[in-house]
Amino acid sequence: MKKILFALGLTSLITSVSHGATIYDQDGTSLSIGGFVEARMQFNQAPNAINIENNQFSTVNNSISNANDDSRFRVSFNGKSVIKDDLYAIGSSEIEFVGKGIHQVRKIYAGIGGDFGTLTYGKQFGALGAISNFTDIMPNNGDTAANRITTANRVANTLKYQKNLDQLSLITTYHGKQSTVDTVGQGFAGSLVYNPIDAGVSLGLGYAYERDNVNPYKVNDGVQRLNSYNTMAGLSYNTDNLYLGLLGSAGKHLTTGYYLGDQTLGLTNLDDTVFGPGFSSPNIIVNGNPTPLTNVDIGSAKYWGAEAAIAYSIEKWTLQAVYNYGQYLDFNDNNSNGGYLKKVTTLTQKNNPTYANNADFALKYNFNAHFLSYIEYQNDFLKKNEQYYQGNNVWIGGKYSF
């Protein structure tokens, strides 16, 4: 039991709801509410522009002394109603607010459950999240090398089946194609996590595949669709005070060349974050002249990534650290590359650019079961003129969970 509680404590900084309270429970129907308020400040050194001069990439950087208020409030509602002895209905929603209002609807789904497991539909967590959680333990920065495709991530229009046994957890998902202008097409994902009783070890394996719709965007050679896929494996070891996690990921991912690459873009939901309402391009500087981007070349490339996580707890203190490394492969050998990727390989003379190379350290203090504080530092080992350079960051925060 202590091992289970310690593992839950490690992820309390990143999970959507660490606590919860039942506000209604009558006649087989219950409703609970939970969430957190997190006051946090980010000192960010990420680049705010990209220069392309004399066949070289360079960046214009913010000073890490710049302080940004990144506070948030997240609330979740979970309902359950008994239909008959072996069948019940469930519904769940989770919304995050920031200073300017609603930031995002993180999940909203409903379905049925019973001895057979649960079957739900809506916006919900994908199957590979159960594997990437092995190393995604940090308060803010994490999971940067796993490179999950959209079908395996948290996404709408998803049908999900989940079954938990004593030692085995099974998750399968299917994501439906919505329209011709929706980048993400049909896809499926599945994962298995095995937990030997009292061994302190967990093993995870998952796979995801999707057919991406790219015909509305500029793609070389008239490509209409691209295939993306993930294969992911995880291993963790957990004692009363020590946690170790390892993750390996390999597959093929959508890529584009806008503002230091697809990590900054958030291509897992490209229509919302790039081409959707309110879209505005950051500064692209070509030979000294600010040049707004009006079109994006989309392609795909193979990749691999690895992550390692460690956490150690002493009384109310917890020290956490994660290292992430990932690399794209065979840019020039992929016939479906967008024009930008080919330009990147020409300018950088790297056919296999590194897309993640960073280390993250956090120290947290639990005042009680509901309030904690933390400080986190993320160091990017990439050079400032590399395509996927994200800069260094410091976060200071206090989090009240209810």
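Bear in mind these aren't lab numbers, they're just calculated from the coordinates by the rules spelled out. As the structure is a prediction and not an experimental result, all values here were calculated from the model. Reconstructed Cβ throughout: ideal geometry from the backbone, glycine too, with neighbour counts over all protein chains shown.
Summary of values
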item: Order of His175, His103 under a 10 Å beta carbon neighbour criterion, fewest first; result: His103, His175
item: Ile83/Gln167 FRET efficiency (R0 30 Å; Cβ-Cβ; nearest 0.05); result: 0.60
item: Listed peptides 187-196, 360-369 by packing density, highest first (mean Cβ within 10 Å); result: 187-196, 360-369
item: Calculated FRET value between Phe73 and Asn392, using beta carbons and R₀ = 30 Å, to 0.05; result: 0.65
item: Label-point separation in nm, Tyr365 to Lys384, each point 7 Å along Cα→Cβ; result: 3.4
item: Cβ-based exposure ranking for Trp317, Trp304, in which fewest neighbours within 10 Å come first; result: Trp317, Trp304
item: Length added when fully stretched, Lys177-Ile112, from 0.36 nm per residue minus Cα-Cα; result: 21.1 nm
